[in-house]
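First the structure, in the form of structure tokens, and then the observations on it.
The values are calculated or read from the model by the stated rules, or taken from the named source; none is laboratory data. For clarity, every value in this text was computed on a predicted model and none was experimentally measured. Note that we place each Cβ from the backbone using ideal geometry, even for glycine, and neighbour counts take in every protein chain shown. Surface accessibility is based on the protein's heavy atoms, side chains included, excluding ligands, DNA and RNA. Shrake-Rupley method; radii C 1.70, N 1.55, O 1.52, S 1.80 Å.
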Amino acid sequence: MNDMKLLVLGAGGIGGYFGGRLAQAGTDVTFLVRPKRREQIERDGLRIESPLGNARINAQTVLAEELRPGYDLVLFTCKAYDLDSAMDAIAPAMDSAGASRPRNGACAVVPMLNGIAHLEKLAERFGKPSVMGGTAQINVTLRRDGVVHHMDKLGRIVFGELDKSASARSKALADAFAKSQVDSKLSPDIELEMWEKIVFLCALASATVLFRANVREIIAAPGGTEAMQRALAANVEIATREGHAPRPGAIEFARARLTDPVGTWSASMLRDLEAGGQVEGDHIVGWMLDKARKHGVDDAILSIAYTHLKAYEARKAAGRL
């Protein structure tokens, strides 16, 4: 797989940043985009603004109707509420025999969705051997002017095989990232990494959506620190009861990030909500709430945040935002 061909679903925040950095480093990357985004990239290039260095990349693009097989990996970046349509979009690139062929013969999908619930659906659609695990830690968005705006220095991607094997395809992706400036890791236990991510992300999303504020603003408010710590502690307990106890380093990272008195970050879920868009309430907060109730874990923050999200969805559906 020295000549690995990578397809990136979309050229938005996550796909545009990580795919763009790989293309910048010389990897054969093609972005599956809509016509308007293609026109933007052909006119202006794929533009990244980042504290780690700006870039303008002559990126390759493909439209849905042009997509054909021939890729080794698909970097699958979408929101959970777009999962079904996103799977339809990449289907032509996936080897139709992928569910039964050996791992080294089929195109594989590397999902970068928030949460864990999507793994089962991907396996049902493309076959379990064709699905890897992955997660990203980054504060990034696609601006209206088409610029991929990376908002702070955190920009890490982690991936690996769900069966914990050291496959040729995972090593090839690791080698590609090693040539770029991206902080990346080929994990021997990607499922644990994904649990550690949802422990952090669900606490961040629950709190920032519930209080309609970033970390700094929440921590400065009366009871803010206590609420953040309560949300984190509950999520750590859920993961532990599920058999994926977060490691001390992951817990300390989450605690530091969630209680930083100068932290200007919030969850993308809050940005989506404030823009009047769709939210991943069921996929992240609702999913963890179900786990909390299953194990009898403190669900106060999760429950109130989930009610807030569902009330927002009802209000949005009624046209009363």
Taking the stretch 108-128 and keeping only residues that are surrounded by 17 or more Cβ atoms within 10 Å (Cβ to Cβ) and closer than 15 Å to Ile190 by Cβ, one is left with Ala108, Val109, Val110, Pro111, Met112, Leu113, Asn114, Gly115, Ile116, His118, Leu119, Leu122
### Message
Please verify whether Gly20 is closer than 18 Å to Ala178 by Cα, part of a loop (DSSP other than H, G, I, E, B) and either at pLDDT 95 or above or of a type in the set (Phe, Trp, Tyr) (or both), treating the condition exactly as stated.
### Response
no
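In the stretch 241-251, is there at least one residue being modelled with pLDDT of 95 or more, under 16 Å from Ile301 (Cα atoms) and buried (at least 21 other Cβ atoms within 10 Å of the Cβ)?
no
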| said: If I filter the stretch 32-46 for residues that are modelled with pLDDT of 95 or more and of a type in the set (Gly, Ala, Ser), do I get at least one hit? | reply: yes
Only unsatisfied item for Arg315, checking (1) assigned to a helix (DSSP H, G or I); (2) open to solvent by less than 70 Å² (accessible area, probe 1.4 Å), is (2)
Exercise for the section: Evaluate the stretch 287-298: report whether one residue or more is in contact with a Cys (Cβ under 6 Å, 6 or more places away or on another chain) and open to solvent by less than 40 Å² (accessible area, probe 1.4 Å). Expected result: yes
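Let's see how each residue does on (1) under 22 Å from Ile116 (Cα atoms); (2) at pLDDT 95 or above; (3) in contact with a strand residue (DSSP E or B) (Cβ under 8 Å, 6 or more places away or on another chain); (4) not acidic (Asp, Glu):
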| position | (1), (2), (3), (4) |
| --- | --- |
| Met194 | yes, yes, yes, yes |
| Asn214 | no, yes, no, yes |
| Ile218 | no, yes, no, yes |
| Glu226 | no, yes, no, no |
